[in-house]
Ligand code: HEC
Ligand code: HEC
């Protein structure tokens, strides 16, 4: 690779990594009602990405990076969100053999933020599920794991995962307790070589001494107890009581704007979103727990047809690069056939799970591959009828919505941000970050883990 090729590769990576946030944050604001705008503005400043790239496309751009030290942590009583879920959510399903207790939640939270639980002590769960970025990552389309190894899918948010009936974009996993082992072991995520390696590492870290035994009636760290503790923490991250909930379920007329109310009507009417993003009589999870083909996966699999791609090299500086040049410095994107990869049934090609829409204003970019950067782009995608293909869902068709109507549905989606987001993020800021120290088992790889 020549110097200039390498330079282009870095720049492209940086743009892919950081370009998205700016686009998301600027264009979203122009499509929201005054009230939701204030809420999002607030959460953006208090709990937004540390390095907001708003205005990155302007030559006058200067960084707005927040000083990490200024982020104020405040521990919350997380158990309240399990015993008494916020308005708009049903009872929290908790498996009989893993009741949520204070000890487990606090241990699970510690594990979630522990960077040592990866092969090179750099990656915790929170590196991809970033609390202040909607427990996902607003700055990249698809996840990047240890040593920059990239994955093919967007990291979903962790809010309200307690309610998931099928887990992952292709629904291949069924319980949170089991799910955690996928990122621990995936080569392009935390890249641990084995389950035993993770367990032995935890056993050897002095800070965990006694914590598992306390939380699990004398049982130490095992494949099962690690899964149970992480799940207990994640089951507390329930977020609702949004302006929509206060209006719709709480009957508070002025909780949302007229535009949001129009958006709600369209969502359940002309736009037919509720065919898959369900709203029930006394609660709303905005998902049918099914998998559907909207055509987005088909489009990505079948390749891009343009010859060049516009790339932002620096604030306000663009270049149209030949796709061949980009290809020469990047790895080709892995194909993603969705549910087909689980069932091998050709009818399941490009099917992905319906995600919830709660807190969706905080979780850009969107879809299994993060390819849609704003809620407005999502609306345009649905309005055009997705992307036709031989196995497109019959529920996806051109909608004929006007610009105003698309904005109204966006405003509706912006009203789904839960009132306890700040509390949950502040609690996450208060969590201990597990970082390598001299007491640790593989400090400078001096002591060997067996
Ligand atoms: C390298 C980034 C990365 C790391 C580290 C990571 N995740 Fe994820 N997470 C993802 C991606 C990407 C997906 C979606 C994968 C898929 O659907 O195939 C995901 C999916 C999930 C889901 C399913 C959510 C849903 O809506 O189906 C949960 C729960 C989750 N992760 C929890 C965790 C926990 C717990 C850890 C730490 C043990 C962790 N993640 C570490 C990127 C990451
Ligand atoms: C046929 C069922 C179906 C219908 C109808 C539908 N959706 Fe979806 N929605 C899905 C599926 C499946 C996904 C995930 C697609 C993917 O990951 O590629 C999704 C994803 C989304 C996302 C991205 C969420 C995220 O976290 O990435 C948004 C926003 C969304 N839909 C909004 C809407 C709106 C608004 C409408 C109505 C205009 C609508 N949907 C109609 C099934 C549907």
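Could you give me the residue pairs with C-beta distances under 9 Å whose first residue belongs to segment 262-279 and is assigned to a strand (DSSP E or B), whose second residue is within 16 Å of ligand 1 (Cβ to nearest atom) wherever it lies, and which are 6+ apart or on separate chains? Every condition considered, the pairs that remain are 279/285; 279/286. The number of residues in segment 204-218 that are at negative phi and either assigned to a helix (DSSP H, G or I) or out of contact with any helix residue (DSSP H, G or I) (no Cβ under 8 Å at 6 or more places or on another chain) (or both) comes to 10.
Looking only at residues of segment 317-347 that are in contact (Cβ under 8 Å) with a residue 24 or more places away in the chain, buried (at least 19 other Cβ atoms within 10 Å of the Cβ) and within 16 Å of ligand 2 (Cβ to nearest atom), we find that the one that is farthest from residue 307 (Cα to Cα) is 339.
What's the total number of residues in segment 329-345 that are in contact with a helix residue (DSSP H, G or I) (Cβ under 7 Å, 6 or more places away or on another chain) and more than 14 Å from ligand 1 (Cβ to nearest atom)? Number satisfying all stated conditions: 2.
Applying the selection to segment 178-203, what residues are surrounded by 22 or more Cβ atoms within 10 Å (Cβ to Cβ) and either near ligand 1 (Cβ under 7 Å from one of its atoms) or part of a helix (DSSP H, G or I) (or both)?
180, 183, 184, 189, 190, 198, 201, 202
Scanning segment 164-188 for residues that are over 25 Å from residue 116 (Cβ atoms) and free of Cβ contacts under 8 Å to residues at least 12 places away in the same chain yields a count of 1. Would you call residue 151 touching a residue at least 24 places away in the same chain (Cβ under 8 Å), within 16 Å of ligand 2 (Cβ to nearest atom), more than 21 Å from residue 208 (Cβ to Cβ) and surrounded by fewer than 21 Cβ atoms within 10 Å (Cβ to Cβ)? Against the criterion (touching a residue at least 24 places away in the same chain (Cβ under 8 Å), within 16 Å of ligand 2 (Cβ to nearest atom), more than 21 Å from residue 208 (Cβ to Cβ) and surrounded by fewer than 21 Cβ atoms within 10 Å (Cβ to Cβ)), residue 151 qualifies.
Bear in mind these aren't lab numbers, they're just calculated from the coordinates by the rules spelled out. The structure presented is a predicted model; accordingly, all values stated were derived computationally and were not measured. In this analysis, Cβ positions are derived from the backbone assuming ideal geometry, glycine residues included, and neighbour counts consider all displayed protein chains.
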